[in-house]
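To start, the structure under review is shown below, and the notes come after it.
Where a number appears in this text, it was derived from the coordinates with a stated rule and is not lab data. Owing to the predicted nature of the structure, the values given are computational and were not obtained by experimental measurement. So basically every Cβ, Gly included, is an ideal-geometry build from the backbone, and we count neighbours across all protein chains shown.
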């Protein structure tokens, strides 16, 4: 049994967090630097963006995590520290300063940055923030940290869950930021997960990769894979369960909780995409295999035309079929059935690959809801996949027409 | 020497065209059916969408063109005749009716439809149109035909050119429709080319494929590859040049003119993308090979974030780098230089893969122009490519939020 608990990333034993305004951003009311601290060196794993142009923090974090150990996260928003000549140097300095401020090893720091690309990171506010944050660390600081990593996000994204593993209560927490430049590939946006489960680094990494591929990597806000995507997990091991070193049993329980977290965050991030008014979920059944199911579901959710139609509550099944067709996957169009569903009902709009006549009033009612499911049944096999996205709105254009200035 | 002439698709010897309102669309002032007629059976070639879900007209046209001969084009707008149970039957009927009305063979007809997907095509207006169009055919009808194939296009797209081949004046004409659901793959939107050059079907097909891959296929309006894309060419052979049956010499001249047409149409279509206020051209140099150059240039031009930044005249080089990075191509980011250019000037925004400080006022001035070039230099090799797109605007969302109803 998995139950929701309070505390966010500080819910697991051994974790404290803090978030504050240090000055990377001009707006004083917006927190812009976050710290998560584990009282012991924890087992750690992370997955990163597949973008060839990746942020300097990724370089440093990848190096620091190579031994599977981490004890703290430092993350600023407002500047991605990417595409800067001195980027890696500054990311390393963030790591060093954090280590010094916390009295731990620099190689045990997860460094992350999010914001504008290609502008030099001003280290003065960062240094100030890193020196102040340790004083603010608290078991109640998870929400502040979650706020501090937000960019154009409108909602704080945090969750904490508890389950029982090896007879011990085990807790997980996570915070994320999402919003724009979101079309993850192997890793996604920023999400920091904490847990007190006792697990080997290999098993932790395996669990993370499995879950990220089915959850975070199945989101698209705008088709743009960011340079700074990262999902990391630190496990303090303080829950006292017998160490998990192989698959099955307790490992499966960890995966199960991580799926809950990933699914929750995927929906939160997609539904809070830049300018979004609706969360779109594409549930695809009957594909030839899981890879194909994922590719097709993601193609539908990422289509600008599908997204704009959903914004306009227009039951345009042709755009769904079209997006399936250009996914690059082979399938028989005449085996495709499509429904639009929401709390207001379900309406079948396509059968045997052909548009159906349907009641436009009912369709409108279904599509005016805030959470829309595009359900697709194919006739290829038994594989299924779920992808999450959002509608394309005037506000997406507005937000991104002048983000930098 | 290639020179512009008047006449559109009727400029080459042997061609007449017409366009009229037949009633597929409710708006009586919008022409919705076009016919192009060649007085002799012509050599013909076409390339089609790679979308797995393709329109019924594609099925019929592909069959009709299998012998490399065509004598007429029939094309309606307002309904794509795609994803309909009776679609192929109706596309065949369009072909048969056109043949009968013109007194030619049904297998010599190019059939095309563009508009809403998944709604049954009403044959009553189509039949009426096909019976009336032959009476309207004229050497002055090219512009009417160009108007009749438009959907959300705001500008008529036609061109006619003359060159000399084998001592004879040879003419080419073309009309296109573009606007939305535009991210061609092997073929694009609708474009009908006419010429009076004397050429074998094999050489005509080869020339068309070559040119389409570098022009029409390098456009993206919204990343959505349509189900009904087609570029066709009919050559009457009436110019009297010695028949072109091999590469080099005269063949190269044909390719040269087709490049002019393709480049012109690519710019017209991209610049008139749904809701577009700016034409974006990505000129990429120094790639490892041409394939790679094309993939990267197209990734930049298709990025929602780049497009929105251009709409907002925001010189955001980070988004350009990001879009290059997720293109899937391998390259060294530190070898990348980026400029934004327009009639108002040129501004370097990135060097060695890093953002530069630049004069924001000059950048704004450059980006406030209607035609923007994103110039990219890489350090991989000598290959180059050009891709065309447009900005992402409020009007794109408006047009596509409620296209169908």
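Values for this structure:
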quantity: Longest to shortest principal axis, alpha-carbon extents of segment B:1-90, angstrom; calculated: 47, 37, 24
quantity: Overall form of segment A:261-364 per C-alpha gyration tensor (a/c, 1.5; a/b vs b/c); calculated: oblate
quantity: Estimated inter-spin distance, residue B:291 and residue B:26, nm [label 7 Å along Cα→Cβ]; calculated: 4.9
quantity: Segment residue A:362-residue A:132, length gained on full extension (0.36 nm per residue, minus Cα span); calculated: 77.2 nm
quantity: Protection-proxy order for peptides B:323-333, B:131-141, each taking the mean of Cβ atoms within 10 Å per residue, highest first; calculated: B:323-333, B:131-141
quantity: Paired Rg and Dmax values of the protein assembly as shown, which use every Cα atom, in angstrom; calculated: 28.6, 92
quantity: Separation of alpha-carbon centers, segment B:284-324 and segment A:326-342, rounded to whole Å; calculated: 30
quantity: Nm distances between copies for residue B:2, ranked from closest, using label points 7 Å along Cα→Cβ; calculated: 5.9
quantity: Spin-label pair residue A:1/residue A:66, simplified geometry with 7 Å Cα→Cβ offset, distance in nm; calculated: 4.6
quantity: Whole-number D in µm² s⁻¹ for segment A:3-271, Kirkwood Cα-pair radius fed into Stokes-Einstein, 25 °C, 0.890 mPa s; calculated: 139
quantity: Two-site label geometry, residue B:348 and residue B:334: point separation in nm, points 7 Å out along Cα→Cβ; calculated: 1.8
quantity: 37 °C / 0.692 mPa s Stokes-Einstein diffusion coefficient of segment A:48-164, Kirkwood radius on C-alpha pairs, µm²/s; calculated: 220
quantity: Calculated FRET value between residue A:247 and residue A:370, using beta carbons and R₀ = 30 Å, to 0.05; calculated: 0.20
quantity: Difference of contour (0.36 nm per residue) and Cα-Cα distance, residue B:120 to residue B:382; calculated: 89.3 nm
quantity: Stretchable slack from residue A:256 to residue A:50, in nm (0.36 nm times residue separation minus alpha-carbon distance); calculated: 71.6 nm
quantity: Helix A:290-302 axis, angle to chain A major axis (alpha carbon atoms, nearest 10°); calculated: 80
quantity: Using distinct alpha-carbon pairs, which all enter the 1/r mean, Kirkwood radius of segment A:339-386 in Å; calculated: 11.7
